[in-house]
Structures are given as structure tokens and as C-alpha cells.
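Here it is, the structure, as C-alpha cells.
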Amino acid sequence: MNEWIYVALFIVVGLIIPIGAIAAGFILGPKKPNPIKESTYECGVEPVGEAWIQFKAQYYIFALVFLVFDVEAVFLFPWAVKLGQLGLYAVLEGIVFVTILIVGLVYTWRKGMLEWA
Amino acid sequence: MTAQQIIFLIVALFTLGSALMVVTTRNLVHAALWLVSTLFGVAVVYALLNANFIAVVQVVVYIGAIAILFIFAVMLTRKDMRDSGPQMNKNWWLGALVAVFVFAGLAFLLQSWNGVSATAAALPSGFDAISLLGDALVSPDAYVLPFEVASVLLLAALVGAVYVAFNKK
Amino acid sequence: MSFWNDPLKVAADWLEGVFMGWGMNSVLSHVLVAFLGVLLLITVLMVLDIFLVWIERKVVARFQDRLGPNRVGPFGLIQPFADIIKLIIKEDTTPGDADKVVYNLAPILSMMSVLILWAVVPLAPVILGTDLNVGVLYLIAAGAIGTLSIIMAGWASNNKFALIGGFRQVAVMVSFEIPMLTMLMIPTIFSGSMNMNAIIQSQNVWFFIISPLGALIFLIAAIAELGRAPFDLAEGESELVSGFNIEYSGMKFGMFYAGELLHAFTFGGFWAILFFGGYRFFGLEQVSPFLAVLIMILKAMVGYWVIMWVKYTMMRIRIDQMLSFNWKFLTPLAFVLLLVTALMNALLAGAPTWLYVLGMFLANVVTGWIALELARSATRQEREKLEGAKPVVEAHH
């Protein structure tokens, strides 16, 4: 097998410990639920309307921009690993790659999509 | 069966089961979360194949970015997150038939390929996939052009997304 | 090969021998030993986590000119145990309208996303979980699961404050992930590897000295990733009451809280690994792995202290200011710094070490200075637009 078995073990133990802690709390704590205790907290007043509402679209824009740069970073990591052994031409290729994306960032910025409107 | 095969079968079943839940669950946010577990299952398959870089990238990009985007999209567009319409349309049997045929065809093709039952050769020691990948991406006689074109593609995706999402007030 | 030089391997070999003696096959006993090792490490971390509560409370008290917990036990050391007993025997309420499964899964995933980070932390040259050759990206992958747990908590609570807090936190986390990813490439370029151990081994000169600006940007992005002040608008007590964890009580809240503290400590550790030489300290790490572990923990504590220092000094900023700060300042700066570093690295490739270090350091300082000057003039323009242009008063002598 490979080194991922250790990661798998970390995931397993990382699940067991919080489950154990929460289970201990569940066993030892009192359990006297009632509808008022279970009502949604809203600053001391009765909750108004549903909480699962339509949300501000601005968050979606940031997630979109993030996705593009995330993929870009993934492309750049193998480049960064080899950079020390490659010459100047590899650096120039990286500069071209990043500059094209910075153009995208500037476009987004100029279009006003980065403003919190 | 070796331990690796057993682990693969468990992971494959987990992935398929999650994928089934994505299309059958009625709550859209639950569907998005099941999609996360499907994508995680795929990452585990990559890890089983010793493709470390792809496995981590699968989690970083698909769970860290695309799944979040899905959840945002679900929460932004639908007021009611519970789907109430019928889940099948009247052509469901046709779809099922096509799926069975595709599966049978793929199974037949793979059966006739002798690579399917061969055990993979162990990777040579000192095999460093990432630095090979780095070499391939920037070397002029390999993939430097696709590497730069990928940047243009990402730029196009960004500009397109911004253009579509831009709300003229 | 003695216990003093490689304790983990000696102990593992001995245990494996014991298990094999019981008639287990070698693979199973190997996995079992690894499991016990992981369990031991995580148990130690959880105990450390308990004391982190005490450290955090003591330090914040000092920052605010108070004494902090000092009643229970010497220096209040038993206080965190009292806190935990309180959390355990507290009633675990679940809001009636919540999505039960997702609601209960969120704190578990939150804690797990922090604990699995330790799989790639090298505590000493020979004491480490696993030597993944993609360790740097693994950091981000584990963070992705943490992001997911927060959006799950925010959504499943069926509470407006929780949803707003969750959304804010996720927007912040994904935004600051870009500068963080970019800054992770800087140690990668210097060491030519994404492996944490290799990054430490190649730090004959701390990367902090070669790239001070990179270390600073990484710290800022890490603080945002942690959701700590000045970037703690997911909790925003004054406006969102407690944000994404508002509906959680008892041990489920405890998991979020403990996870946050351990996360901060872990990122202090990563800061030390990536920019301050990890377990290395003037060759002391070669004396014994035990000493190396001690150095690593101390460095992580210093990093954690810096994060606390920032937290208790800065005020909270608004979400729009924060996202503008990231997308209009930090992200472009991170990309420019990456390109400058790559270029200088190629230009200074054959230079002697002192020239290389000096050149890199100066390049960083100049980049940072230009960025700050640009930001200063841009903010001045912004301010003038808001205040209405004031006549410039020249001082005449």
C-alpha cells in the first residue's frame, strides 16, 4: 500500500474523536427538550419567516472568480516545483501564464464585479 | 482478492451510492452534499492509483471550489430548496435501456482487453510524477502551448462568467 | 538505531513484533501499529488543545490588562478541565427546524479537517505522519473540508444569523485561499518540492529571510482562513451574535471552539514549517528527535502567539472591506511577488548564498514598499472622494 493509508487512518481517528466527545456529551447531559427550547434563536424575539432564503448574488461572483484562480494555481504548482532546475524560459512562460489571468482580474475589477453592491 | 481490491470495491460502491443519492434525493442542498461525497470517492480512487497530485487537486478544486459554487448556486437561485415535482419523466425506460447497453458495451470491451486483469507494475523508485509533470508543462517540445492556452481558456471562462453574471441595474 | 535516535521506528518495530507474535500477519500488524501511532498523536493533540484554551484565555487577559483564569488550580491550570466538564454535562439542544443529519455532521467534520492536517506535519526528521509529496496542497485540501463544514453548519441550523455567518465565512475562506495558494508556491520554488520535510531540510537560511513579504501574506491569509479577528465576521458577536455556530450548544459547540484553537495552533506550526525552518534550529535537531519535537512545538507556539497578538490588537473589518482588501490588494500583490520571486530565483541562480539572500530580501522589500505606496495613494483618492476634495494646505516656511 502507499502513504495514503496514514491519511486514511488520520481521517478515521479524526472522526472517532469528535464523535466520541459528542456522544459523551449526549450521554451525560440532560435531555428535556420542549418546543420553546427548540425554537430558532433570533435575538429574543419570535423568528420571522424562513431562514432558508434566497441569498445575495455577490457571493456567487466571488466563488466564480475564486474557481478560476484556484485552477490556475493548480497549474502553477508543478511549474513551481521544477522552476529551480529550469532556465529563464520557464520563468517567462510562468509570467505569461499569470499575466493573462491578471488581465482577467483587471477586467473583473473594471467591470465593477468586485464591488460589494 | 488483495486488500487493495477490497478497498477499491468499497470505495467504488460508496462513490456509486453517493452518485445515486445525488439524483434521487429531493432536497437540493442534500444533493449537493452527496455530490461532495461522490467527488471525495473519486479522489480516493486517484489516491489508490498512487496519483497523489491528481487526488489532492480533486479535493482542492472539486470539493473546495466547485461544490461550494454548487451550494451557493442552489441557495441563490431557488427559494424553495425542496423539489416537489415528479423525479422521472415518461422516457425513463429509454434512459435505463441506453444506460444498460452502454454498461454492457463497456464491460464487453474491457473484457476483451488483456490489461484489465493484469496487475500494474510497481512504480520505479524515485519516480516523481510532479516534477515530470512540471517538465512536461513548460518544455517547448512537450505541452508548453497547451499550458499557455489553458491560461487563455481560464481567462475566457472568467470573462464569460462575469459577463453573464453582470446585472445591469 | 537506538530509541534515542529514532523512537518512532523502534517502538513501531517492537509493537509489530508483539502483534506478529500473537499470530497476526505483517500487513495487519503494520496497519494496527500505524493506527495506534495516529491515535496517540491525536490524543496528545487533544490534550494540548485543552491547554490551548488556558493559554488563549491567559494571553487575552494579559493583552487586556486582566489576570485571566487564576482560581482553579495553580495559575488556573485546571480551569479548561472545568470548562470541558461544563460542556459535556450541558444539555445538547437541537433546533426543531434544523436539518438534523447535516447539523450533527458539521462539528465532526470541522474537527476532523483540523486533525487531518497533522498527517503532514513533520515534528522531527523521523517523527511524522506521512511524507506526502503533495504536502503543501494537502493543506489546502483539508481546508476545503473545513470550509464545507462551516457552510453545512450555517445552512443546517435553519437560522438567519447562522446562514449569514456561514456565507460570509465561506466567501472569506475561498477568497483568501488564492493568496495562500500563491504564497505556498514560494517555499515550493525555493525547495523544489511540495513535501513538508523537504521544505524544512532546504531551509539552511530561513525562508522568512529570503521572502519576508511572502511570510507576511501567508500569515494574513492564514488568519483569514482561521476566521479570527480582524477577519472574524463569521462570528461577529455584535451583529450576528455568534454566526454559523449560533444554534450549537454543549460538546458540539465545543468541537467548533476546540477546532478553531487547534487550527490556529496548527497554522502557527505551518508558518514555522514553511518560513521558519520547522524543527531545525542551529543543528540542535540532529542531537535527538525529542529535541526536534520540542523546537517544532515551541516555534508553533510562537506562530500561535503572533496570531493571537493580531487577534487581540486589530478591530473587526466589514465583509466588503475585507473582500476588497483581498481581491484588490492581496491577490495582485501575491501574484506579483510570485513572479518577482521566480524571476529573481532564475537571475540569481549561480550567485553565492549571501548575494542570493540579499537580492531576494531587497526584491521583497521593494515589492512590498511599492505595493504599500500604491495602496496609500489609492486610499487617499478614495477618502477624498468621500470627504469632498479638501484644499491642500501647504506649509510655508
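Checking the a/c ratio against 1.5 first, then a/b against b/c, what shape does the Cα gyration tensor give for the protein assembly as shown? Intermediate values should be presented prior to the final figure.
Numbers: a/c = 1.09, a/b = 1.03, b/c = 1.06.
Rounded.
Under the definition of Cα pairs under 8 Å and six or more residues apart, what whole-number percent is the relative contact order of segment C:1-89?
Values: 44 pairs, mean separation 13.3, N = 89.
After rounding, I find 15 percent.
Let's see if you can work this out: charge +1 on each Lys and Arg Cβ, -1 on each Asp and Glu Cβ, no other charges. What is the dipole magnitude of the protein assembly as shown about its Cα centre, in debye to the nearest 20?
Value, rounded to 20: 1120 debye.
To continue, here is another question. What does the structure give for C:141-151 when I average, per residue, the other chain Cβ atoms found within 10 Å of the residue Cβ?
6
For the residue pair A:V12 and C:T313, what label-to-label distance in nm results when each label sits 7 Å from Cα along the Cα-to-beta-carbon direction?
Reported label-point gap for A:V12 and C:T313 is 4.5 nm.
Can I ask one more? Over the whole of C:35-47, what's the average partner chain Cβ count within 10 Å per residue? Rounded to a whole number, please.
Mean number of neighbouring Cβ atoms from other chains: 3.
Right, next: Net charge around C:S26, counting only other residues with Cβ within less than 15 Å of its Cβ (Lys, Arg = +1; Asp, Glu = -1)?
Net local charge, C:S26 excluded: -2.
If you take the beta carbon distance between A:N34 and C:F51 as r and set R0 to 25 Å, what does 1/(1 + (r/R0)^6) give as a FRET efficiency, to the nearest 0.05?
0.10
What FRET efficiency comes out for the pair B:A136/A:V96, r = Cβ-Cβ distance, R0 = 25 Å, nearest 0.05?
After rounding to 0.05, the efficiency reads 0.90.
In percent, how large is the relative contact order of chain C, given Cα pairs closer than 8 Å and 6 or more residues apart?
Value for chain C: 18 percent.
Something else now. Is segment B:129-169 best put as rounded, prolate or oblate by its Cα gyration tensor, with a ≥ b ≥ c the root eigenvalues, rounded for a/c under 1.5, and otherwise prolate when a/b is larger than b/c, oblate when not?
It comes out prolate by the Cα gyration axes.
For a quick check: sort C:V38, B:V45, C:V174, C:V365 by the number of other beta carbons within 10 angstrom, fewest at the front.
Ranked by crowding around the Cβ, least crowded first: C:V365, B:V45, C:V38, C:V174.
Another question, then. Any of C:K58/C:K100; A:K82/A:K111; A:K56/C:K328; A:K56/C:K58 with alpha carbons more than 31 Å apart? Name them for me. All intermediate terms of the calculation are to be shown ahead of the outcome.
Values: C:K58/C:K100 36 Å; A:K82/A:K111 36 Å; A:K56/C:K328 21 Å; A:K56/C:K58 39 Å.
Over 31 Å Cα-Cα: C:K58/C:K100; A:K82/A:K111; A:K56/C:K58.
Still on this model: Can you give the longest stretch of chain C with no exposed loop site, where a site means chymotrypsin sites (Phe, Trp or Tyr not before Pro) in a DSSP loop (not H, G, I, E or B) with at most 14 other C-beta atoms within 10 Å?
C:23-281
Moving on to the next point. For the residues C:E285, C:E16, what sequence is obtained by ranking on other C-beta atoms within 10 Å, fewest first?
Ranked by crowding around the Cβ, least crowded first: C:E16, C:E285.
Does chain C come out rounded, prolate or oblate, given a ≥ b ≥ c as the square roots of the eigenvalues of its C-alpha gyration tensor, rounded meaning a/c under 1.5 and, failing that, prolate meaning a/b above b/c?
In terms of gyration-tensor shape, oblate.
Please name whichever of C:S242, C:V38, C:T93 sits farthest to the positive end of the charge dipole of chain C, dipole taken about the Cα centre and charges placed at Cβ: Lys and Arg +1, Asp and Glu -1.
Looking along the dipole axis, the top candidate is C:S242.
Would you kindly work out the equivalent ellipsoid of segment A:4-110 from its C-alpha gyration tensor and give its semi-axes, the square roots of five times the eigenvalues, largest first in whole Å?
48, 28, 7
Would you tell me the mean number of C-beta atoms belonging to other protein chains that fall within 10 Å of each C-beta in B:27-39, as a whole number?
2
Same structure again: Considering chain C as a Gaussian network with a 10 Å cut-off on Cα pairs, which listed residue, C:A334, C:A229, C:A351, attains the greatest mean-square fluctuation?
C:A351
Expressed as a rounded percentage, what relative contact order does chain B have, with Cα pairs under 8 Å and six or more residues apart?
Once divided by the residue count of chain B, the mean separation gives 16 percent.
Please give the calculated 222 nm ellipticity per residue for chain C, where each DSSP H segment of at least 4 residues contributes -39500 (n - 2.57) and the sum is spread over every residue; nearest 500 deg cm²/dmol?
That calculation yields -23000 deg cm²/dmol at 222 nm.
Read-outs throughout are calculated quantities, based only on the coordinates presented, and are distinct from any laboratory measurement. Here the structure is a predicted model, which means the values were calculated and not measured. Heads up, the Cβs are rebuilt from the backbone with ideal geometry, glycines too, and the neighbour counts pull from every protein chain shown.
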